[in-house]
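Note sheet for the following structure.
What follows is calculated from the coordinates using simple rules that are stated; it is not laboratory data. Bear in mind the structure is a predicted one, so any value in this text is a computation, not a measurement. Every residue, glycine as well, gets a Cβ built from its backbone with ideal geometry; the counts of neighbours run over all protein chains shown.
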Amino acid sequence: MPGRTWVKRLSQRGSAGCLLVALWAVAVQAQAAEAPRAAAVTTAASALPTALARHALVIGNAHYVNVGPLRNPENDARDMCGRLTQLGFQTDCVVDVPSRRAFKQAVRDFTARLGKGAAGLFYYAGHGLQVDGENYLVPTEAELKTRADIDDEALNLKYLMAELDQAGNGFNIVILYACRDRKRT
């Protein structure tokens, strides 16, 4: 049962810079457009009924093999894990997902714990791509030289959204703090 999705841009740096976007399946919105990440998560989580089981998957990809490392995603992910745990989430914290296969497995493990009466939160910090209108999350060992490589090695955001939809829990929050490159390959 696909829910209505709202998109709220919490911050943006430059046209090809880092972007923080929150998508959620119910009308939960941060108090201010430029709210810090922790405040936005606290606001969204506080809107959840206390009886809901809360599960989170937090991924911070920082140590990329084929492009330079990113300074903040690992620390951002650890901070987010700590805050979500304080907010009552059972949180899986993953740093440096190496491959598309590992990414998909982490998502499947996460969504398997969701079900009726649960709230899910997915947080990703790291590189992302937008190619021909499709958004991708980039594993740390991805080697992206052609358009076909992107499909083979990066995780299409549609996969994550389909898995969340299939979980059938009805309430999910997706937060992407990704440096995206809008190039067409």
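In plain terms, the chain from Asp165 to Arg101 could stretch by 21.1 nm, reckoned as 0.36 nm per residue minus the Cα-Cα distance. Listed values for the stretch 85-96 are Karplus-derived 3J(HN,Hα) couplings in whole Hz (6.51 cos²θ - 1.76 cosθ + 1.60, θ = phi - 60°), namely 4, 4, 8, x, 8, 7, 10, 9, 10, 10, 10, 6, and x replaces Gly and Pro.
Quick one: which of 90-101, 136-147, 53-64 comes out on top by average Cβ neighbours within 10 Å, and what's the full order, highest first?
So the peptides 90-101, 136-147, 53-64, ranked by packing, come out 53-64, 136-147, 90-101.
Applying the Karplus relation 6.51 cos²θ - 1.76 cosθ + 1.60 with θ = phi - 60° to the stretch 158-167 yields 3J(HN,Hα) values of 4, 4, 4, 5, 5, 5, 5, 4, 5, 4 Hz, where x marks Gly and Pro. Taking every DSSP bridge with both residues inside the stretch 87-180, close to 40 percent are antiparallel.
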